[in-house]
1. Among the residues of the stretch B:208-217, are any facing chain A (nearest Cβ under 7 Å) and modelled with pLDDT of 85 or more?
2. With A:P214, A:P210 as the choices, which residue is of a type outside the set (F, W, Y) and more than 14 Å from chain B (Cβ to nearest Cβ)?
3. Is it true that A:I71 is over 23 Å from B:S106 (Cβ atoms) and either within 12 Å of chain B (Cβ to nearest Cβ) or at pLDDT 90 or above (or both)?
4. Give all pairs with beta carbons closer than 7 Å in which a residue from the stretch B:72-91 that is surrounded by 21 or more Cβ atoms within 10 Å (Cβ to Cβ) meets a residue that is outside any helix (DSSP H, G or I) and hydroxyl-bearing (S, T, Y); count only pairs at least 6 apart in sequence or on separate chains.
5. Would a scan of the stretch B:119-139 turn up a residue that is surrounded by 17 or more Cβ atoms within 10 Å (Cβ to Cβ), within 15 Å of B:A93 (Cβ to Cβ) and touching a residue at least 12 places away in the same chain (Cβ under 8 Å)?
6. State yes or no: is A:W76 out of contact with any Gly (no Cβ under 8 Å at 6 or more places or on another chain), away from every other protein chain (no Cβ under 12 Å) and within 30 Å of B:I260 (Cβ to Cβ)?
7. With respect to A:F42, determine if the residue is within 14 Å of chain B (Cβ to nearest Cβ) and touching a helix residue (DSSP H, G or I) at 6+ places or on another chain (Cβ under 7 Å).
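The values are calculated or read from the model by the stated rules, or taken from the named source; none is laboratory data. Small disclaimer: the values here were computed from a predicted structure and weren't measured. Heads up, the Cβs are rebuilt from the backbone with ideal geometry, glycines too, and the neighbour counts pull from every protein chain shown.
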Amino acid sequence: MKRSPLKINIAYLLPVGVLISLVIYYPILKGVVIAFQNYNLFNTKNISFSGLENFKLVVLDQAFPFLQIVINTLVWVFLSLILQFLLGFALALLLKKPFKGRGIYTSFVFYTWAVSGFAISLIWSWIFNGQLGLMNDILLRLHIIENPIGFLSDTRFAMISVIIANVWYGIPYFGIMLLAALQSVPIELYEAAKIDGAGSFTQLLKVTIPYIWPTIISTTLLRMMWIMNFPEIIYGMTSGGPANATNILSTHMLNKIYIEFNYGQGSAIGLIIMISLFVFAFIYLSLGTRKEDRV
Amino acid sequence: MRNVRSSISSIARFLALMLFLLFAIGPLVWIVITSLKSADEIYTFPITYLPKIISFSSYQKLFSFAKFGIYIKNSLIVTICGSFGAVFFSIFAGYALSRIKAHEASKRLLLILYFTQTVPSFILMVPLYTMVAKLRLTNNLFILGGIYMVTVLAFCTIMAKSFFDRIPQSIEEAAIVDGCTSTQALYRIVIPLVTPGIVAVFSFAFVNIWNELFIAVLFLSSPNKMTVPVALNSFISKAGISWDVMGAGLVMALLPTMFIFAIGQKFIVSGLTEGGVKG
């Protein structure tokens, strides 16, 4: 008896389907339910539906001003994203033309992709250390500052410090993705532009960017979603402090779950993140693809 | 004139490349240097840029006092179980997804896989923990490895599919004409052709599982079960961080991913750009 190929393919897919439904999708659904429940680890006998109570408590929380957290989230996401993108794009452009040792060079500059968020937070905490940090030492030696700065304990510097660590981490992602896209641009397009007298900057603007536009849209959107869901760096460097200066939605959620054990409110914040991401993705894609038509 | 301009631009390019390199590896080099200083030297001001005497005392403390060897072993168990499992399941699922491409169902399944990448993972952690706790399976490294496997499975499957997409179906059909069954064609002909893809999937799974902290914090309760990231997390106390032990611990935590990245970089890069989702 010969089994039909379709049946075999279904059999190959089944384990992954079952595992992902059980370990990812079922808990997500339960998590969404918990967002509408009064659910605290210290009071698990007393779990009950509470409607929108969790959302109300999160938004009206005096100790963690919601508006400030939302603004911090926007600053964290967009400043990190823009810097990661611009530097990653610059790196990709630099790497496009082959040079001696390019292979080994890319291994070094792309390695930060493989460092964990938590390890990054520790490495950069040490560099930004208020007394013994490398950053303070360099700035003092160059006479840019006269006294050491508490980068992570001063509300003025904490956000920019965690963003620098995040940019360090994110450059390889854009470098890798945009380099691949750049290498797919047909060389004839550049030759045609050269005949028309276009300089290298005009070529970048008129040939390269339009051609790789779909990659730019999809990578920035995915990276944006990813940064929004990425509390590790802030958790390790400042835990959202000082005085909420670096508290973003995902660290707020993490603190609710791991410190206060308030799963209901933690899940409510998670749901807020998910819904805002979907809304944003929808708007971004409809704007981004329309731009593509125009070009 | 033209020569002058092109040499200026190549110097500028060289300088820019050097700045990127300095920014990328500077922090890593700094941690390695810190780990090779004695504790006294780490805590003196002004700081020294190179150790006066190269000292391995931080590493000695790490492995004797902090028992780091156990944590490395635990992390290896979890990571190897998780990444081999992910490779195994994602090869079959990726192959199947690639071969039913024409079906509408394939697109829908892909969307279901992509969706898992956009959800904040913390929303599923507590329900997952209560599920596993009910079965009394927490604090078990193999169960943790299994959970990790599933957390990377969606992306690994997407990545594997993109590699199978490049192998034309006609190759299998030719093998079947020659008398192979379709299963034999998969094992003997197709899988050997996607070895780079398998390396990419494995490297991706390995790096992500090796680095994971928060699921492990939740699922492991006894100190002798801690993985490397959990151990590093436990070095942070209210009194602050002992940077000598932490520096050495970080270097040990980075070494395996450096090794994997050195071997698999080329394949990881092509896997990322094909699958295209996760940072």
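1. Yes, the stretch B:208-217 has at least one match.
2. The conditions single out A:P210.
3. Details: over 23 Å from B:S106 (Cβ atoms): yes; either within 12 Å of chain B (Cβ to nearest Cβ) or at pLDDT 90 or above (or both): yes.
Considered against the rule, which asks whether it is over 23 Å from B:S106 (Cβ atoms) and either within 12 Å of chain B (Cβ to nearest Cβ) or at pLDDT 90 or above (or both), A:I71 comes out as yes.
4. From residues that are surrounded by 21 or more Cβ atoms within 10 Å (Cβ to Cβ), the pairs are B:N74/B:T227; B:S75/B:T227; B:V78/B:T227.
5. No, because not a single residue in the stretch B:119-139 is surrounded by 17 or more Cβ atoms within 10 Å (Cβ to Cβ), within 15 Å of B:A93 (Cβ to Cβ) and touching a residue at least 12 places away in the same chain (Cβ under 8 Å).
6. For A:W76, the condition - out of contact with any Gly (no Cβ under 8 Å at 6 or more places or on another chain), away from every other protein chain (no Cβ under 12 Å) and within 30 Å of B:I260 (Cβ to Cβ) - is met.
7. So A:F42 fails the test.
For every residue, the table says whether it meets (1) crowded, with 23+ Cβ neighbours inside 10 Å; (2) of a type in the set (K, R); (3) touching a residue at least 24 places away in the same chain (Cβ under 8 Å); (4) part of a helix (DSSP H, G or I).
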| residue | (1), (2), (3), (4) |
| --- | --- |
| A:A181 | no, no, yes, yes |
| A:I209 | no, no, no, yes |
| A:W213 | no, no, yes, yes |
| A:R223 | yes, yes, yes, yes |
| A:S239 | no, no, no, no |
